[in-house]
Amino acid sequence: MTTVISADGTAIAFERTGEGPPVVLVAAALCDRLATRPLAAELGRHFTVFGYDRRGRGESGDTAPDTVRQEIDDLGAIIAEAGGEAAVYGHSSGAVLALHAAASGLLITALILHEPPFLLQDDPAERERSQAQLQTIEELLAQDRPADAIAAFLTPAGMPQQLIDSMSRDPGTQANARTLPIDPFAMLSEESRGGRTPIEQARDVTVPALVLCGGASHPWMIETGRRIAEAMPNGTHRVLPDQGHIVPAEVLAPALTDYLSTP
């Protein structure tokens, strides 16, 4: 593990694996670089892989107030460390950050968005539910109840109770819980896109881009992936048969390798 200094002076911890063209892995909500280690090990056979702790997680620092712009700068600092440009893979809300970064002009050579969890239809009821959920999570965090905040985040997603209990009791996940108001809530917000819809933001991304979805995922997630890919001038949509939102590294790595190795 080593660190790079982001634009606001925050130390961002990262690991480098393998040799070859650089690829940066962006983890999902509540996750740090430990979550991407298996994928980094697989990809490291062909690429130099950078897995990092997003700010407020793992061994990275945290400079208040946390913002989406700071997260973009953090990713930019990792890309600079990688040589000034790199391919970027993001999973779930990490894919949303990767899309923000590409739309902001970071030097990304290829973009892989793995199930960005956008709801593309404007639903006032869903917006109210999300705001209520965010308020509950912020109140629980203010009361120093990270396990309950994690459960409040995961339960509406329909995750199995056994997995919710396991994650909410995990000390590392509890330590990352304070980042939930930024990721995913601020990350997915209209404000973070400057008022643009996800489709409008995607249209600004001209680099080669792959949007991955699991064939066993919710139909709305697959449809979102398809529409995001279609909106990008150089976008491609691919469905991984029989896979859900979480894909084993040994299945995911070949799909990424094929895409990144194709001229």
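Structural remarks
- Cα gyration tensor shape of segment 1-55, rounded if a/c is under 1.5, else prolate or oblate by comparing a/b with b/c: oblate
- Orientation-averaged projected area, Cα convex hull of segment 1-153 (nm²): 9.5
- Computed from point charges on the beta carbon alone (+1 for Lys and Arg, -1 for Asp and Glu), the dipole magnitude for segment 159-228 about its Cα centre is near 120 Debye.
- Shape analysis of the chain yields a ratio of the Cα radius of gyration to the Kirkwood radius, Rg/Rh, of 0.93.
- The value of relative contact order for the chain, using C-alpha pairs under 8 Å at least six residues apart, is 18 percent.
- Separation of alpha-carbon centers, segment 208-248 and segment 81-136, rounded to whole Å: 13
- Put simply, the amide H of residue 31, placed in the peptide plane, has no neighbours under 5 Å, leaving out anything fewer than 5 places away on its chain.
- Assigned charges on the beta-carbon of Lys, Arg, Asp, Glu; the chain dipole about Cα centre (debye): 360
- Between residue 41 and residue 19, the simple label model (points 7 Å from Cα in the Cβ direction) yields a spacing of 2.1 nm.
- Distance between the pseudo-spin-label points of residue 239 and residue 223 (7 Å out from Cα toward the beta carbon): 1.3 nm.
- Shape category assigned to segment 124-184 from the gyration tensor of Cα positions, a/c cut at 1.5: oblate
- Neighbour cut-off at most 16 other Cβ (10 Å), DSSP loop, trypsin sites (Lys or Arg not before Pro), segment 142-216: 196
- The calculated FRET efficiency for residue 125 paired with residue 163, based on their beta-carbon distance and R0 = 35 Å, is about 0.85.
- Long-range amide H partners of residue 240 with built H, under 5 Å: 213, 214, 215
Every read-out reported here was derived from the displayed coordinates using simple, explicitly stated rules and does not represent laboratory data. These numbers come from a predicted model, not from an experiment. Positions of Cβ are generated from backbone atoms using ideal geometry, with glycine treated the same way; all protein chains shown enter the neighbour counts.
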